[in-house]
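Right, one structure below, let's go through it.
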Ligand code: FAD
């Protein structure tokens with residue numbers, strides 16, 4: 001019954017791919033490898049002419065362990081790589097990582113008995129497989145998958161292990177790994193260890209993964225007769241210094257995302273592999289309060305073939321702040337080599353270099369690695385071997401193996417990797433770590449998504465963004481924690497408006513980009529289409545629930561309806577529930593709503609909830625409840641309801657309240673109310689865009 005009430009929070013962005021899993025705004029990695037396609041050929045991905053036969057592939061590359069991943073936001077892919085490395089270094093397994101999309105599965109029934117397959121599978125949206133795992137999922141969960149042979153049972157030879165990445169705030173928690181595990185067992189495959197489940201909703205993904213993998217390795221070692229050895233770091237990437245090149249050599253990448261950008265011939269299609277360097281036409285602050293910022297940006301896409309529809313997302317490709325880049329170079333003792341040109345090559349035919357080379361240490365750290373992100377405990381264990389001295393090594397080993405100690409010393413303070421190294425070594429430099437360890441151990445710097453806050457009917461070539469700047473005080477830490485992308489955008493806004501103190505938050509950025517290519521306030525972007533869409537019939541009533549920056553797409557919706565009304569179309573009732581702390585501080589677009597009201601008249605109503613004005617906190621869900629009768633009537637007239645913003649709390653509560661409203665108003669039991677809400681979701685009458 002617990003779970004039933006949790007059938008709630010859902011991304012509306014389900015089919016198309018990328019939105020990240022978030023824990024209270026915490027990024028779970030993001031898009032699929034944006035470089036994969038450009039490098040797949042060079043590095044042995046299953047592109048044209050490559051085999052889709054995994055067994056053949058394993059045989060020809062001498063592998064006995066394949067780790068398949070179904071990944072949307074990069075986390076499952078990261079975990080797969082980590083398992084591959086660990087299997088190799090601890091147990092001498094010959095491992096390879098495989099994108100589920102790049103292989104066929106009908107021959108899994110001839111998977112050799114002495115090899116093992118691992119499945120690391122994220123569940124996406126409402127229990128769906130990730131984009132790259134759709135075909136596999138359909139195949140394996142079919143009533144009778146068309147395996148090549150007629151073995152009985154078909155997968156009697158297959159030994160496998162499984163780990164799932166999910167979020168308990170979704171109804172179909174970890175359904176991907178659960179269903180795949182069930183199917184594999186049904187066809188006679190033998191699972192080793194438990195099928196693990198990581199929970200992003202509880203914020204325990206990493207710890208769940210760590211807790212699952214040790215018993216799994218022990219069981220696998222026993223089953224396959226593997227002998228554990230002392231784990232030695234073996235690089236996957238080889239780094240060579242290119243003495244004949246300097247950072248000014250034309251073939252050296254200084255942060256350009258691909259060859260076209262390097263050669264100055266960037267053209268569309270612009271997408272997750274190829275951003276458009278867009279001018280920011282305008283930028284301004286939306287809050288009236290000193291210590292919090294919310295940015296409004298107008299991104300001009302008129303120079304590109306990019307297009308968007310109201311309700312879509314824009315991806316912003318950030319740059320790491322200069323101070324963090326310096327700290328990283330410094331603690332790794334690479335300051336002198338900052339601009340040294342290096343080539344990075346995969347030493348492993350199945351690995352892919354996550355950025356183009358030749359390049360420099362500076363460019364890799366600044367443009368390609370997520371150096372600000374939370375640190376992985378396991379990664380500290382790996383780095384221990386390279387500690388400057390024995391006592392530092394012991395401390396690293398302890399951090400790597402003691403969960404509570406690690407939490408207390410590192411994660412609680414929001415330390416990133418360079419700060420962690422620096423705190424542990426007390427500032428002593430870590431000169432011995434092979435740089436490849438960072439390319440392998442850190443996530444690629446990911447674009448961040450924003451719900452477009454304009455209507456494409458009103459401004460088809462200009463995309464509005466409404467972004468709140470991440471700037472948190474962390475108890476026990478002297479400087480605030482600052483989000484990567486939003487502080488970069490803040491700096492761009494400050495520069496654009498010639499604001500007196502562009503380093504107000506202590507961060508500087510290479511705002512001009514590689515080779516000054518972003519000069520004149522440009523930012524790399526692409527657009528991601530979403531399913532969060534107005535009803536095609538504008539006469540349908542709509543209920544919009546968008547507190548805080550959740551108002552972003554709602555602004556686009558209201559803009560669109562005002563435009564339609566202006567052009568003489570009949571538009572249905574449009575009721576917007578907006579909430580923030582105080583009218584005088586963070587009431588987003590306050591004066592604009594009045595303009596829309598002038599055009600839409602009584603077709604538009606804004607209902608506000610200010611949480612810090614009265615003695616009692618009032619949120620949008622309370623306002624919804626107060627309007628029970630009207631909400632129910634609108635729903636009975638087939639109103640569409642849209643919810644955007646905080647996934648963890650607000651969206652769940654809105655879902656619950658809606659079920660209650662329906663139950664109460666229609667005189668049916670609450671369970672029936674919940675069921676009606678569920679059906680509304682299934683019929684797209686209830687749409688969410690939450691993060
Ligand atoms: P990041 O650096 O990515 O940090 C984000 C969070 O991760 C931090 O708050 C913290 O909780 C955690 N974190 C990061 N580093 C550490 C560390 N070292 N230790 C501990 N914790 C850490 N946002 C908006 O403002 N407006 C929108 O319209 C909007 N729409 C979105 C739509 C979608 C589909 C999605 C998926 C997200 C949307 N977001 C929106 C959120 C946005 O994408 C970003 O996540 C947000 O702006 C923060 O990005 P950042 O790079 O500034 O912060």
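No value in this document is a laboratory result; all are computed from the given coordinates. Keep in mind the model is a prediction, meaning the values are calculated, not measured. So basically every Cβ, Gly included, is an ideal-geometry build from the backbone, and we count neighbours across all protein chains shown.
Points worth noting:
- The stretch 331-402-the stretch 124-154 distance, computed between alpha-carbon centres (Å): 37
- Between 0 and 90°, nearest 10: helix 650-666 axis offset from the chain longest Cα axis: 50
- Fewest-first ordering of 181, 339, 326 by other beta carbons within 10 Å of each residue's beta carbon gives 339, 326, 181.
- As a ratio to 2.2 N^0.38 Å, the alpha-carbon radius of gyration for the stretch 560-644 is 1.18.
- Relative packing of 397-403, 72-78, which averages over residues the other C-beta atoms within 10 Å, highest first: 72-78, 397-403
- Relative packing of peptides 559-569, 613-623 - highest average C-beta neighbours within 10 Å first: 559-569, 613-623
- Based on alpha carbons, the Rg and Dmax found for the chain are 25.8, 79 Å.
- Taking the helices alone, the chain has a mean residue ellipticity at 222 nm of -9500 deg cm²/dmol, built from -39,500 (n - 2.57) per DSSP H run of at least 4 residues and averaged over all its residues.
- Crossing angle, helix 670-682 versus the chain [Cα axis fit, 0-90 degrees, rounded to tens]: 70
- When the convex hull of its Cα atoms is viewed from all sides, the stretch 272-402 shows a mean projected area of 13.6 nm².
- Between helix 390-401 and the chain: long-axis angle, C-alpha atoms, 0 to 90°, nearest 10: 50
- One equal scatterer on each Cα of the stretch 409-477, no solvent, Debye formula: the resulting log10 I(q)/I(0) at q = 0.13, 0.20 Å⁻¹ is -0.66, -0.98.
- Compactness of the stretch 374-415 is given as radius of gyration and Dmax, 9.6, 26 Å, from Cα positions.
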